[in-house]
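Asks: Dropping a structure here in structure tokens format, bear with me for questions.
Here, each number is a calculation from the coordinates, and none is a lab measurement. These figures come from a predicted structure and were not determined experimentally. With ideal geometry, Cβ positions are generated from the backbone for all residues, glycine too; neighbour counts draw on all protein chains shown.
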Amino acid sequence: MERMNFGRLSAGRAGEMPKTPISRGPDTPTPDTRHSSPRVAVIGAGIVGAAVALRLAEKGVETLLLDGAEPGSGATGASLGGVTAREQTRRDFFELCVAGMAEYRRLAWKLAPAPWYRADGSLAWVREPAGAAALAERVERLREWGYAAELLPAGRVLHDLQPGLAVSDPEALVAWFSEEAWVEPLAMTRRLVEGVRNAGGRVLTGAEREVVAIEVEDARVRSVRLGGGQAIPVSAVVNAAGVDADRVAALVGRRIAVTAPVSLALTAELAEGRDPLRRPLRVDRVFTRPDGPGRVMLVPQVDLGDDEIGPLPLDDARVVEALALAAEAVPALAGARAASADVAAWPLMADGLPCVGAVPGIEGYFEAVTDYGVTLAALIGRSLADEVMGQAANALFAPFRPRR
Ligand SMILES: Cc1cc2nc3c(=O)[nH]c(=O)nc-3n(C[C@H](O)[C@H](O)[C@H](O)COP(=O)(O)OP(=O)(O)OC[C@H]3O[C@@H](n4cnc5c(N)ncnc54)[C@H](O)[C@@H]3O)c2cc1C
């Protein structure tokens, strides 16, 4: 079955005691009680690191959220932001994503108002017959797994859910996933970062705050050194560095197989007052969603070949084609002007699975590296903060631990 793949074809204060001890993880050695600093450094202020840091700070841990750039400027800032489990074919990964969706509802209530979170459901309309059959098969499987998925006649979708689709046959089937949600990833990350500060954590960003060394002594994390030269004693670090997680892992002598596939992320502007998309809509090879008033985001499945990460010219043929494909399905998008086009990389472990938890043998070193990081951020935040604090991790993460 085809994978949605988001349109990708290529490849407290220093010196205080912690309220509970810093965890060793399930398979690490006995804690060294001489080491009493409760300070935890979270490396990477993308959506995943920010979610972990917020939970830690709320637990009273002295939390440092460090990023060598601006919060959300990695994969998070380019993300479509779908909160979804429908692409997972492995049952345990699927269940993890379903739990991630539920955790979002709790987080949005907690941080209310949460204008960056929209529990609006989402639609998928694949017109080409083989793709439509694969989608129908997927809906069937998801229903068997208890997921809110159904195929609706296009006429009903037009009436109830998404007016303005260029539907020629009202009986054609459109998939509807009523419990899916989406977030504006950058806005949410900024809110998480604000939450870290409000809970007493510190957020240090910019080139001088890039973590360039992690001191490990007697098999336990002791300090981090920043690009600006500052060395900060810590009890634990969380590696949430996205596509750079392997470089951070190397700082503790560990190798992890993070890959960095790329996608094209576009935004487009519409004439004032025109907001034709009500919710995320996949049409054939293009994923679309609203992106604030008068704006839409598009992630087309296009071959990016050897393109460098970074902006593409707005008149690039693939940008023009993506807009044309979207406008063919939703005619009100005709005339949308490309506002940004970026080739963006996202973290994907070589085996395609999340990597979340303590690393045995290096006390105080934790990893949180994953694709579907938007869907999983809230759940990772809760589980990993518990684990850092010596509590059990959510059992759903058992198949996805760093050493599996
Ligand atoms: C186009 C696109 C569409 C996507 N669609 C979806 C979707 O619909 N649903 C979904 O769930 N997921 C989606 N994803 C995937 C999702 O966006 C990522 O899994 C998620 O953003 C990863 O977040 P992160 O916090 O782990 O990484 P990032 O956001 O990349 O953050 C890592 C941060 O670490 C910092 N950093 C790195 N090294 C260091 C260092 N040494 N010191 C300090 N800081 C460092 C970086 O500056 C960066 O800010 C999509 C991704 C893309 C690109």
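Asks: Report the FRET efficiency, 1/(1 + (r/R0)^6), for Asp169 and Ala134, where r is their Cβ-Cβ distance and R0 is 22 Å, rounded to 0.05.
Replies: With R0 = 22 Å, the Cβ-Cβ based efficiency is 0.70.
Asks: Could you list the GluC sites (Glu not before Pro) in region 205-281 that lie in coil according to DSSP, counting only those with at most 14 other Cβ atoms within 10 Å of their Cβ?
Replies: Sparse-neighbourhood loop GluC sites (Glu not before Pro): Glu272.
Asks: Under a crude label model (7 Å from the Cα following the beta-carbon direction), how far is Leu314 from Asp92 in nanometres?
Replies: Spacing of the two 7 Å Cα→Cβ label points: 4.7 nm.
Asks: Just grab the label-to-label distance for Ala69 and Asp306, each label 7 Å out from Cα along the Cβ direction, in nm (one decimal).
Replies: 2.3 nm
Asks: Please state the relative contact order of region 122-178 as a whole percent: Cα pairs under 8 Å, 6+ residues apart?
Replies: It comes to 44 percent, rounded to a whole number.
Asks: Another question about this same structure. Helix-only mean residue ellipticity at 222 nm, the chain, DSSP H runs n ≥ 4 weighted -39,500 (n - 2.57), per residue, nearest 500. What is it?
Replies: Calculated from helices alone, the mean residue ellipticity at 222 nm is -8500 deg cm²/dmol.
Asks: For the peptides 174-187, 237-250, what is the packing order when you average, over each peptide's residues, the other Cβ atoms within 10 Å and list the highest mean first?
Replies: For the peptides 174-187, 237-250, the packing ranking is 237-250, 174-187.
Asks: Another question, if that's okay. Quick one, can you get me the convex hull of the C-alpha atoms of the chain expressed as volume per residue in Å³?
Replies: Each residue corresponds to 132 Å³ of Cα convex hull volume.
Asks: If you take the square roots of the eigenvalues of the alpha-carbon gyration tensor of region 162-306 and sort them as a ≥ b ≥ c, do you get rounded (a/c under 1.5), prolate (a/b over b/c) or oblate?
Replies: Verdict is prolate for region 162-306.
Asks: Can you sort Thr267, Thr370 by how many other beta carbons sit within 10 Å, fewest first?
Replies: Starting with the residue having the fewest Cβ neighbours, the order is Thr267, Thr370.
Asks: Given R₀ = 45 Å, what would the calculated FRET efficiency be for Thr259 paired with Arg156, taking r from the Cβ atoms and rounding to 0.05?
Replies: Using R0 = 45 Å, I get an efficiency of 0.65.
Asks: Whole-Hz Karplus ³J(HN,Hα) for region 326-335, in order, using 6.51 cos²θ - 1.76 cosθ + 1.60 and θ = phi - 60°, x for Gly and Pro?
Replies: With coefficients 6.51, -1.76 and 1.60, one gets 5, 5, 5, 7, 10, x, 5, 7, 4, x Hz.
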